[in-house]
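Student: If you scroll down you'll find the structure; I have some questions about it.
The values are calculated or read from the model by the stated rules, or taken from the named source; none is laboratory data. Quick caveat, the model's predicted, so the values are computed rather than measured. Methodologically, a virtual Cβ is constructed for each residue, glycine included, from the backbone with ideal geometry; neighbour enumeration extends over all protein chains shown. The accessibility values were calculated without ligands, DNA or RNA, using every heavy atom of the protein model including side chains. Shrake-Rupley method; radii C 1.70, N 1.55, O 1.52, S 1.80 Å.
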Amino acid sequence: MSQFLQATLYGLLQGGVFALVAVGFSLVWGVMNVVNLAHGAFVVAGAYLAFELHSWTGIDPFLSVPVVAVALFALGYLVQRYLVNLVINAPVFITLLLTFGLELVIVNGMIMLFTANYRSIPTGYATTSLALPGDVRLPLGRLIAALLAVGLTLALGYLMRHTRIGLAILATGMDRGAARLMGIKAAHVYALTFGLAVALAGIAGAAVGTIGTFSPADAGRFTLFSFVAAVLGGLGTMSGALYGGLLLGLAEAWGGQLLPGTLVNAVAFAVLVVVLAVRPQGLAGRSFYAARVEV
């Protein structure tokens, strides 16, 4: 029983981080109808930026989150405005090719700069754990990362529903033509959306680098996790990414107790198939995405 409780706790903490990785991916897909295959590369870029800040200044990776977020937001804004925006009206296959090529460029650039070796951001508390009843240990580093992930996901949901910027993003995603008639600059809003998603990916990377190891080769894995969590929860919803991430984390943690490590990812896809068979719109639904007016 204690082993099961430990796996469940680990799965919930890991699921919170998956949610933060996936929320930006879901936002871009739901608002812009762009499947960003470069999303995982931005996660790894955030991890390397936090690593370099820690190496050069000694700043704690969680304290460097504002710097990472601002830097990645600027990068995402420029990439969308001057690259992705060129094919925003093209068929989805074209955007897939573009973002896949962008991922290859970013990943190979990081290999040239940092090599392909695995790294981690050393902290004094990353390996510290708190004792809980039932012989269960609570990893402090993962707890901080999960709380940060859940807090940012909830904050993003509030931003989208209760601020002018968030409502402009939702309106543009729902009906771009009508939003333009209301004076909303669609190109600027799309760039803000993409920049926000990349900033969240960078923050997730800083958290991942603190609680585990990373290398440029992990970019594809993070994109895959983002895709699964976003579809599980329901596209375009912040709460959906959170639910999908938590379910994915639990599925991997429980599957790891019963199956070899090479089959753990198969459990996640099995859960995806079951959930979509029972509830095709995802755990939180995707009413926003389904109501989109294509232009």
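Student: How tilted is helix 39-57 with respect to the longest principal axis of the chain? Cα atoms for both, answer in degrees (0 to 90, nearest 10).
Tutor: 60 degrees
Student: For helix 65-82, report the angle its Cα long axis makes with the longest principal axis of the Cα atoms of the chain; keep it between 0 and 90° and round to the nearest 10°.
Tutor: Tilt of helix 65-82: around 30 degrees.
Student: Taking the alpha-carbon set of region 1-150, what are its Rg and Dmax in Å?
Tutor: Calculated on Cα positions, Rg and Dmax stand at 18.1, 56 Å.
Student: With springs only between Cα atoms under 10 Å, which of 91, 61, 139 fluctuates most in a Gaussian network model of the chain?
Tutor: Evaluated over the chain, the most mobile residue of the options is 91.
Student: Separate question: Over the chain, what is the relative contact order in percent, taking alpha-carbon pairs closer than 8 angstrom and at least six residues apart?
Tutor: With pairs under 8 Å counted, the relative contact order is 38 percent.
Student: Calculate, for region 36-90, the solvent-accessible area per residue in square angstrom, rolling a 1.4 angstrom probe over the heavy atoms of the protein chains.
Tutor: Counting only protein heavy atoms, the per-residue value for region 36-90 is 43 Å².
Student: Which percent of the accessible area of region 1-145 is formed by carbon and sulfur heavy atoms (probe 1.4 angstrom)?
Tutor: 72 percent
Student: Next question. Taking a probe of 1.4 Å, how large is the accessible area per residue of region 111-152, in Å²? Spell out each step's value before the answer.
Tutor: Values: 2550 Å² over 42 residues.
Per-residue accessible area for region 111-152 comes out at 61 Å².
Student: What is the magnitude of the charge dipole of the chain about its Cα centre, with +1 placed on the Cβ of each Lys and Arg, -1 on the Cβ of each Asp and Glu, and no other charges, expressed in debye to the nearest 20?
Tutor: Rounded to the nearest 20 debye, it is 600 debye.
Student: Taking the alpha carbon gyration tensor of the chain, what are the square roots of 5 times its eigenvalues, largest first, to the nearest whole Å?
Tutor: Equivalent-ellipsoid dimensions as semi-axes: 30, 23, 18 Å.
Student: May I ask you to give the percent of accessible area on region 175-236 that is carbon plus sulfur, with a probe radius of 1.4 Å?
Tutor: On region 175-236, the fraction of accessible area on carbon and sulfur atoms equals 68 percent.
Student: Using the Cα centre of region 70-198 as origin and beta-carbon charges of +1 (Lys, Arg) and -1 (Asp, Glu), tell me which of 157, 88, 187 is placed farthest towards the positive end of the dipole.
Tutor: 187
Student: Please check: in the Gaussian network model of the chain (C-alpha springs, under 10 Å), which one of 37, 232, 259 has the largest mean-square fluctuation.
Tutor: In this elastic network of the chain, the residue with the biggest mean-square fluctuation among 37, 232, 259 is 259.
Student: How big is Rg to Rh over region 72-182, alpha-carbon atoms, Rh as the Kirkwood inverse-mean-distance radius?
Tutor: Working: Rg = 20.6 Å, Rh = 18.6 Å.
With Rh from the inverse mean 1/r over Cα pairs, Rg/Rh is 1.11.
Student: Just report the Cα centroid separation between region 220-247 and region 62-112, whole Å.
Tutor: Comparing the Cα centres of region 220-247 and region 62-112, I get a distance of 19 Å.
Student: Note the angle between two axes, namely the Cα long axis of helix 2-32 and the longest principal axis of the Cα atoms of the chain, as a number of degrees from 0 to 90, rounded to the nearest 10.
Tutor: Value to nearest ten degrees: 10.
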